[in-house]
Amino acid sequence: MYARAQTWWTILRICIEERLVYRGDFALGTLMRFLPIITQIFLWTSVYAAAGQGDIRGYTRDDVIAYYLLTMVGRAFSSMPGLASGIARQIRDGEIKKFLIQPIDLLGFLLLARIAHKLVYYGVAIGPFALVFFLCGNYFTNGWPEASVLAAFVASLVMAFLLGLFLEAAIGMIGFWFLEVSSLLFVYMLFNFFFSGHMFPLEFLTGYLPDWLQTVAHYQPLQFLAYFPAAVFLGKIEGPELVEGLCVQAAWVMVFFVVCRVAMRRGFQRYSGYGG
Amino acid sequence: MAFIEIRGLQKSYRVYQKQEGLLASLTGLFHREYRNVHAVQGIDLEVEKGEFVAFLGPNGAGKTTTLKLLSGVISPSAGEARVMGFVPWERTNEYRRRFALVMGQKNQLWWDLPAAESFRLHQQIYAIAPTDFDRTLGELTDLLDVGKLLNQPVRELSLGERMKMELIAALLHSPEVLFLDEPTIGLDVIAQHNIQKFLKHYQEVRRVTILLTSHYMKDVAALCQRVVVIAEGQIMYDGSLAGVVDRFSTHKVLTLQFAGDQIPSDLDQYGELIEAVAPKVKLRVDRTEIPKVLAALLAGHTIEDVSVEDPPLEEVIADLFVQSSEQAGKKSKEVLAVGHSGR
């Protein structure tokens, strides 16, 4: 057990060091992500002014901006830049062989590498995040949620990280069959943009979708990447609904974990059958 | 049972065939033609513990495929293999802790980090005890003289230095079997020599079993007692390096030095003229004809000096490759298979 923990720690440490090699580029990329906030504030202000009503499906303008800020937090956990394309590239150029030859588990390695990426990211981003939340504090009209809601929020963020990881890793492993996954990834990103709630709260879709799609939208996995944690924080999802939401999210994490495992096993089989 | 045992090992791939041009690309979306490439066609081989065996063969002969099969990266189409009793493509962790594969053209180290970090990671992955790790790393860095380079990012190392680091990474867990695929490819003569010297020393001290593929005859001559010549996925020869010449060279090279400044003009009848700079001549003569040719030459001309030599090893091997691929070409080993899109 101790040896295993040490292995994990070494991998984590080395991944962190690797992330820090190109620190200038990394810091710049991280900071640039905060720029769109300003346009979002202008955008929603004019949307609400044009609509001429105080709230849209239960969200005031302040709510929507607070929601947007919270989805940024959610996405800081769930987005996995370069993961799927990285796996597909490793398959294409044969680097994936390493995981066949050495006694190391690909999925475990990816998990640790991503934790390292995220830790480094938070290390750099925590300053700007704190500043933005301080400056935009007024948009959170209800103030801080109570401790139990905050705990649920944190749990949903952790699961959002795992879900994002396994989902994108599964897409990357399609590379075992198709070698190039970039267009598939593009389609995924498109769906992700809408159905994760990154663009606007998912409530805004109600009324525009047919009933059956409404049901699908209610249970689909992408919402847990951004919408769900934000809605929990804002108190839009409470009580039994909140518990159900967390259970559905946990179920999706499990589903995509299994999908990843199966895809990896089959993929390696195929890889070793066809070439390598 | 032998340390490495291979029986009737075969590996075929299906390769997509695309004709040139846009139209072909479009039809390729719906209907694809595949060609079956038989990379390894029934190899039988036994290697004992502590042997240093070289696989020789032209590009595409099946050498690398065989090493990939033995290291479990790919699984065979037919046949079986056991390495230390393990079936490689089952990829048990127990097996993976006991061998290493080094590919000259592939990089296993972390590109942006110093090699020392990659080594540390290997220590963890292979569960190497700290004392063993320190000792082995110390020995290897001394032998390869790279102690000063350990903390330099891998991307800033020269090709030769990087290869040394690759070797260290592969040997840290003291593998009992080592597969080396073109370990000296692209290296200059000095770097090649250093790697050879190291491998020779390491193998002698540790008695590891090594299978090596290489294009450089010098690698092979310096290192291996046993040579396996592979061409077109089959074993053409298995034995000592000197034996290759005995077995496959059909000619010898006759060097003659005539008295005076002139060389006779009728030398063509004895063999193929390779070089003629008066008064010296080099002739390629059929092996069986040597006594007769020599007798005739000595009787008809005044000769001051004479020597009979085997042709250079490279030449023999090159001839052998050409012969074997011609033979295989006759057998027409490729079968066209037609299938629908999707691999």
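The values are calculated or read from the model by the stated rules, or taken from the named source; none is laboratory data. A quick note: this is a predicted structure, and the numbers were derived from the prediction, not measured. Cβ atoms come from the backbone with ideal geometry, glycine included; neighbour counts cover every protein chain shown.
Let's see how each residue does on (1) away from chain B (no Cβ under 14 Å); (2) among the aliphatic types (A, V, I, L, M):
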site: A:ILE237; (1), (2): yes, yes
site: A:PRO240; (1), (2): yes, no
site: A:VAL243; (1), (2): yes, yes
site: A:VAL253; (1), (2): yes, yes
site: A:VAL258; (1), (2): yes, yes
site: A:GLY267; (1), (2): no, no
site: A:SER272; (1), (2): no, no
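Scanning the range B:43-58 for residues that are modelled with pLDDT under 90 and assigned to a strand (DSSP E or B) yields one hit, B:LEU56. The residue that is nearest to the other protein chains (Cβ to nearest Cβ), among those in the range A:75-107 that are farther than 27 Å from A:ALA250 by Cβ and polar (S, T, N, Q), is A:GLN102. Of B:ALA116, B:ALA61, all but one fail to be in a loop (DSSP other than H, G, I, E, B) and touching a helix residue (DSSP H, G or I) at 6+ places or on another chain (Cβ under 9 Å); the exception is B:ALA61. When the range B:36-74 is filtered for residues that are touching a residue at least 24 places away in the same chain (Cβ under 8 Å), surrounded by fewer than 20 Cβ atoms within 10 Å (Cβ to Cβ) and either at positive phi or of a type in the set (D, E, K, R) (or both), the ones remaining, listed by number, are B:GLY42, B:ASP44, B:GLU46, B:GLU48, B:LYS49, B:GLY50, B:GLU51.
Kindly indicate whether A:SER196 is within 19 Å of the chain's Cα centre (by Cα), polar (S, T, N, Q) and either buried (at least 19 other Cβ atoms within 10 Å of the Cβ) or away from chain B (no Cβ under 14 Å) (or both). The answer is yes for A:SER196.
The one condition from (1) surrounded by fewer than 15 Cβ atoms within 10 Å (Cβ to Cβ); (2) within 30 Å of B:LEU172 (Cβ to Cβ) that B:ILE210 does not meet is (1). Pairing each residue of the range A:94-121 that is without any contact (Cβ under 8 Å) to a residue 24 or more places away in the chain with any residue that is outside any loop (DSSP other than H, G, I, E, B) and acidic (Asp, Glu), provided the two are 6+ apart or on different chains, yields C-beta distances under 9 Å for A:PRO103/B:GLU94. Taking the range A:1-24 as the range and being outside any helix (DSSP H, G or I), at pLDDT 80 or above and facing chain B (nearest Cβ under 9 Å) as the test, only A:VAL21 passes. Scanning the range A:76-94 for residues that are over 20 Å from the mean Cα position of the chain (by Cα) and surrounded by 15 or more Cβ atoms within 10 Å (Cβ to Cβ) yields A:ARG89, A:GLN90, A:ILE91, A:GLY94.
Please work out if A:LEU70 is within 30 Å of B:ILE125 (Cα to Cα), in contact (Cβ under 8 Å) with a residue 40 or more places away in the chain and out of contact with any Gly (no Cβ under 8 Å at 6 or more places or on another chain). Considered against the rule, which asks whether it is within 30 Å of B:ILE125 (Cα to Cα), in contact (Cβ under 8 Å) with a residue 40 or more places away in the chain and out of contact with any Gly (no Cβ under 8 Å at 6 or more places or on another chain), A:LEU70 comes out as no. In the range A:95-107, of all residues being assigned to a helix (DSSP H, G or I) and in contact with a helix residue (DSSP H, G or I) (Cβ under 8 Å, 6 or more places away or on another chain), the one that is surrounded by the most Cβ atoms within 10 Å (Cβ to Cβ) corresponds to A:ILE96. Residues being in a helix (DSSP H, G or I), under 20 Å from B:LEU144 (Cα atoms) and in contact with a Ser or Thr (Cβ under 7 Å, 6 or more places away or on another chain) are entirely absent from the range B:198-218. For the range A:25-58, a tally of residues being part of a helix (DSSP H, G or I) and either in contact with a Gly (Cβ under 9 Å, 6 or more places away or on another chain) or away from chain B (no Cβ under 14 Å) (or both) returns 22.
Scanning the range B:267-296 for residues that are buried (at least 17 other Cβ atoms within 10 Å of the Cβ) and either aromatic (Phe, Trp, Tyr) or outside any helix (DSSP H, G or I) (or both) gives B:TYR270, B:GLY271, B:VAL281, B:LYS282, B:LEU283, B:ARG284, B:VAL285. Among all positions in the range B:229-238, there is no residue which is part of a loop (DSSP other than H, G, I, E, B), under 25 Å from the mean Cα position of the chain (by Cα) and over 30 Å from B:ILE4 (Cα atoms). Take the conditions (1) surrounded by fewer than 18 Cβ atoms within 10 Å (Cβ to Cβ); (2) closer than 30 Å to B:VAL154 by Cα; (3) polar (S, T, N, Q); A:THR39 misses just one of them, which is (2). Could you pull out the residue among B:PHE99, B:PHE133 that is surrounded by 18 or more Cβ atoms within 10 Å (Cβ to Cβ), within 19 Å of A:THR10 (Cα to Cα) and within 14 Å of chain A (Cβ to nearest Cβ)? Just a single option satisfies the conditions, and that option is B:PHE133. Restricting attention to the range A:117-163, the residues that are of a type outside the set (Gly, Ala, Ser), within 16 Å of the chain's Cα centre (by Cα) and surrounded by fewer than 17 Cβ atoms within 10 Å (Cβ to Cβ) add up to 4.
Residue count for the range B:83-94 under the criterion of being more than 8 Å from chain A (Cβ to nearest Cβ) and either surrounded by fewer than 21 Cβ atoms within 10 Å (Cβ to Cβ) or touching a His at 6+ places or on another chain (Cβ under 8 Å) (or both): the result is 7. A search for C-beta distances below 7 Å between a residue of the range B:219-243 that is farther than 25 Å from B:GLN192 by Cα and at pLDDT below 85 and any residue that is acidic (Asp, Glu) and surrounded by fewer than 18 Cβ atoms within 10 Å (Cβ to Cβ), counting only pairs 6+ apart in sequence or on different chains, returns nothing.
Any residue in the range A:71-81 that is assigned to a helix (DSSP H, G or I), hydroxyl-bearing (Ser, Thr, Tyr), at pLDDT 85 or above and in contact with a Leu (Cβ under 8 Å, 6 or more places away or on another chain)? Yes, the range A:71-81 contains a residue that is assigned to a helix (DSSP H, G or I), hydroxyl-bearing (Ser, Thr, Tyr), at pLDDT 85 or above and in contact with a Leu (Cβ under 8 Å, 6 or more places away or on another chain). Every condition in (1) within 14 Å of another protein chain (Cβ to nearest Cβ); (2) over 29 Å from A:ILE96 (Cβ atoms) holds for A:ALA230 except the one numbered (1).
Looking across the range B:220-231, the residues that are out of contact with any strand residue (DSSP E or B) (no Cβ under 7 Å at 6 or more places or on another chain) and surrounded by fewer than 23 Cβ atoms within 10 Å (Cβ to Cβ) come down to B:ALA221, B:ALA222.
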